[in-house]
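To start, the structure itself, in structure tokens.
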Amino acid sequence: AVAKRLVRDAGVKTPAFAVAEGAANELSDWTDFPAFVKPVAEGTGKGCEAASLVRTQAELQEAVDRVIERYHQPALVEQYLPGREFTVGIAGNGKDARVLGICEILLKPQAEANVYSLHNKELCEDLVTYAPADDGEARLAGTRALQAYRALECRDAARIDFRSDGSGDPYFLEANPIAGLNPWHSDLPILAAQNGIEFVTLIG
């Protein structure tokens with residue numbers, strides 16, 4: 001949530017969001033449905049599942065309670081965006097940071113629908129297609145990702161995640177400043193390889 005505030009203040013769009021620190025009733029006035037509920041401080045899709053996508057206040061309350069109880073941390077709720085999902089690889093520091101590549105996350109028919117979940121990530125070879133993207137919408141995500149990277153003062157390398165609204169406008173979801181580096185399984189090495197950057201070169 002802090003990252004989202006910093007990025008928003010830097011002029012990069014992020015979905016409407018709120019945090020429930022300890023109880024679902026803190027979000028009783030939330031009206032932006034559908035919405036998505038997840039732990040405020042997890043990674044690798046933990047806490048992201050089919051039940052995270054909620055369409056009513058009752059579903060929201062149930063999802064928030066589940067996150068707080070299971071993960072012992074606040075719940076982050078965001079306005080759900082129905083468009084394309086991108087992850088942007090970035091390397092470098094400050095003004096020298098640059099986009100390595102942009103990858104669109106495409107869920108296969110047998111995947112858990114509508115969410116790049118822990119389940120889908122763990123079985124990504126069978127459930128997810130990582131498609132290089134270089135059209136206008138993807139490039140806009142890349143431009144905004146670099147803005148977010150610099151606003152957050154990320155260093156060395158990171159992945160920045162975006163999802164578009166129904167009009168194809170990409171919004172910041174989160175930053176992954178310690179992105180996974182498994183050469184065959186992690187998103188950053190995968191998208192780097194798609195753009196001609198070998199693993200050893202990426203590490204360098």
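Miscellaneous remarks
- For the chain, the relative contact order is 22 percent, taking Cα pairs closer than 8 Å that sit 6 or more residues apart in sequence and dividing their mean separation by the residue count.
- Helix 57-71 and the long axis of the chain differ in direction by around 60°, with both axes built from C-alpha atoms.
- Selection from Phe86, His72, Val99 lying farthest towards where the dipole of the stretch 53-112 points positive, charges on Cβ: Val99
- Exceeding the 26 Å Cα-Cα cut-off - candidates Lys46/Lys95; Lys13/Lys108; Lys4/Lys121; Lys38/Lys95: Lys46/Lys95; Lys13/Lys108; Lys38/Lys95
- All distinct Cα pairs of the chain go into the 1/r average, and the inverse of that average, the Kirkwood radius, is 17.3 Å.
- About its Cα centre, the dipole of the chain is roughly 520 debye, where the only charges are +1 on Lys and Arg Cβ and -1 on Asp and Glu Cβ.
- Given charges at Cβ of Lys, Arg, Asp, Glu: the stretch 123-190 dipole, positive-most of Gly168, Leu152, Ala141: Leu152
- Global geometry of the stretch 69-161, whether rounded, prolate or oblate, following the gyration tensor of its Cα atoms and the 1.5 cut on a/c: oblate
- Between 0 and 90 degrees, the angle of helix 136-151 with respect to the longest Cα principal axis of the chain falls at about 80 degrees.
- The listed residues Thr14, Thr44, once ranked by accessible area (1.4 Å probe) with the largest placed first, stand as Thr44, Thr14.
- Helical runs (DSSP H, four residues minimum) scored at -39500 (n - 2.57) apiece and divided by the length of the chain put the mean residue ellipticity at 222 nm at -8500 deg cm²/dmol.
- Cα-based shape type of the stretch 1-84, given that a ≥ b ≥ c are square roots of the gyration tensor eigenvalues and the cut on a/c is 1.5: rounded
- Global form of the stretch 51-92, assessed from the alpha-carbon gyration tensor, a/c cut-off 1.5: oblate
- Rounded percent of accessible protein surface that carbon and sulfur make up, the chain, 1.4 Å probe: 51
The values are calculated or read from the model by the stated rules, or taken from the named source; none is laboratory data. Note that this is a predicted model, so its numbers are computed, not measured. As a convention, Cβ positions derive from the backbone with ideal geometry for all residues, glycine included, and neighbour counts pool all protein chains shown. When the accessible area is computed, the model is the full protein with side chains, heavy atoms only, and any ligands, DNA or RNA have been set aside. Shrake-Rupley method; radii C 1.70, N 1.55, O 1.52, S 1.80 Å.
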